[in-house]
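These notes are about the structure you will find just below.
The values are calculated or read from the model by the stated rules, or taken from the named source; none is laboratory data. In this text, all values refer to a predicted model and were calculated from it rather than measured experimentally. No Cβ is skipped: glycine too gets one built from the backbone with ideal geometry, and neighbour counts run over all protein chains shown. These area figures cover heavy atoms from the full protein model, side chains too; ligands, DNA and RNA do not enter into them. Shrake-Rupley method; radii C 1.70, N 1.55, O 1.52, S 1.80 Å.
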Amino acid sequence: MLELDKVFEEYLPNSEEMVGDVKTRRRLSPGQALAVDTTITDDLPRLIEIIISSFGRDVKSYRVYGSVGQLNWTLAYIPWVAVLRRNITTSTERGYYVVLLFSQDMQECFLSLNQGFTQFRETFGDKIGQKKISQVARLAAEVLQIPPSFIVGRLDLSATRPLGKGYENGAIVSRRYSVHDDVSEDQFRADLSQLLELYDQLATKLGTNLSDHLDQLSSDDYQEAANEIATTETEKSLPSGSLLPPSKVVGKEGAKYKRNPEMAAIAIRAAKYQCEVDPSHGTFTSRKTKQPFVEAHHLIPMQQQDEYEVSLDVPENIVALCPGCHRRFHHARFGELKASLGQLFSAREGALKSRDIVLELAGLLKIYKSDVDED
Ligand SMILES: [Zn+2]
Ligand SMILES: [Zn+2]
């Protein structure tokens, strides 16, 4: 196929430019699109739209677009052309869609039913995000009837960046074309047709939001993600006032409310990576973040969410604790945590009210007299 060959041949040679004597990766500046850029942003999308129409599908219900990166930034390492069903997603940052991905070394490309990684990175941070997106990919592939010529699961795009790795891990089912294959347009059409059918199948079976089907984050993953996000991501600015309660996910131990590690990250950062019971409490330095490792604990436990019309998963209700104190809050005799609870509650009472979370100390103590099993 002419368009694929053109990208294979011209993308890398055209991705560098000389700035003075130095060879650098080309930046995308307005009015400087090269023919290989417009193959990705114009020719391939138009061709795919024509193919979609020829299947008798309504092309207006799809968003088809390609990208070689953002204006004024360096050229994308992995250029792509995406086919989004508008009622599932309208941005490659989130949801799932069919996407033509060129490998970073331009030795192959893949037509892939894949997922937006940005959504995962925002919720879990990069590292746990990669783990989660591949879990969702596996779960999605399980419900599909996949023809034998397709690759199930992970791809190798020779990616060196998080977004490219996200596509490697987020791949549900894909068709591979090597630079040495002479891919015909008929072959491409047939593969696209099958992938669009798998796309429809997935929407029918799992709905528009695949991550709804994820198990609850394990306790370790949750703490690790919270610490990682606290140290690496720019802080999400939350609206003030009450927030809507989180949704429930059904895991091995029944339905539980989802906890967002981003909320915990805000609390951990505010506590400056110190135990809020007593900042002199020792902990260890995290291998990943190089900061003291603290754990996030919901002062009013998430099991109480049923009693509230507003979210309990907010930074105001999350305290940073050293691992010892955290275990104490879950496992110690009530007498050994009563004083700490009083101390934390009086420090947080006003902040909790700002989120419309209303509770008396007596009510909190009553909760901790029975079991607090969720972290
Ligand atoms: Zn402590
Ligand atoms: Zn806890």
| query | Per residue, how much space in cubic angstrom lies within the convex hull of the C-alpha atoms of region 269-346? | reply | 112
| query | How much accessible area per residue does region 260-330 have, in Å², with a 1.4 Å probe? | reply | 40
| Based on the Cα atoms of region 2-212, what semi-axes does the equivalent ellipsoid have, where each is the square root of 5 times one gyration tensor eigenvalue, given in whole Å with the largest first? | 27, 21, 16
| remark: Rounded to the nearest 10, the angle in degrees between the Cα long axis of helix 261-270 and the longest principal axis of the Cα atoms of the chain comes to 60
| query | Which whole number of Å³ per residue matches the convex hull of the alpha-carbon atoms in region 191-284? | reply | 193
| request: From the P(r) of region 126-272, can you give the percent of Cα pairs sitting at distances over 19 Å? | output: 65
| Nearest 10 degrees, 0 to 90: helix 185-206 Cα axis against the chain principal axis | 20
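Ranked highest first by average number of other Cβ atoms within 10 Å, how do 327-336, 308-317 line up?
308-317, 327-336
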| Packing-wise, with mean Cβ within 10 Å as the measure, how do 73-84, 285-296, 342-353, 238-249 rank, highest first? | 73-84, 285-296, 342-353, 238-249
| query | If you build a Gaussian network model of the chain, linking Cα atoms that sit under 10 Å apart, which residue out of 274, 187, 104 swings the most? | reply | 187
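For region 76-151, which trypsin sites (Lys or Arg not before Pro) are both in a DSSP coil and crowded by at most 12 other Cβ atoms within 10 Å?
86
Could you tell me the ratio Rg/Rh of region 160-204? Both radii from Cα atoms, Rh via Kirkwood.
1.06
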| In whole Å, what are the Cα extents of region 1-87 along the three principal axes, biggest one first? | 53, 27, 20
| task | Just tell me which lysines come within less than 30 Å, Cα to Cα, of residue 290; anything on the same chain fewer than 8 places away is out. | result | 127, 131, 132, 165, 236, 258, 272
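As a test of understanding, state the convex hull volume per residue of region 66-109 from its alpha carbons, in Å³.
68
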| field | Gyration tensor verdict on region 83-174 (Cα atoms; rounded if a/c is under 1.5, prolate if a/b is larger than b/c, oblate otherwise) | value | rounded
| task | Work from the charge dipole of region 225-280 (Cβ charges, +1 for Lys and Arg, -1 for Asp and Glu, about the Cα centre) and give the residue of 227, 244, 261 farthest towards its positive end. | result | 244
| message | Accessible area of the chain with a 1.4 Å probe: how many percent of it is carbon plus sulfur? | response | 49
| field | Extreme residue, positive dipole direction of the chain, given options 115, 152, 335 (C-beta unit charges) | value | 335
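For 1, 18, give me the order by solvent-accessible area with a 1.4 Å probe, most accessible first, ignoring ligands, DNA and RNA.
18, 1
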| said: Let me check the size of region 215-369 from its C-alpha atoms; what are the radius of gyration and Dmax in Å? | reply: 14.8, 39
| Per principal axis, descending, Cα span of the chain in whole Å | 75, 54, 33
| Cut-off 15 Å between beta-carbons: net charge of the residues surrounding residue 361, Lys and Arg +1, Asp and Glu -1 | +3
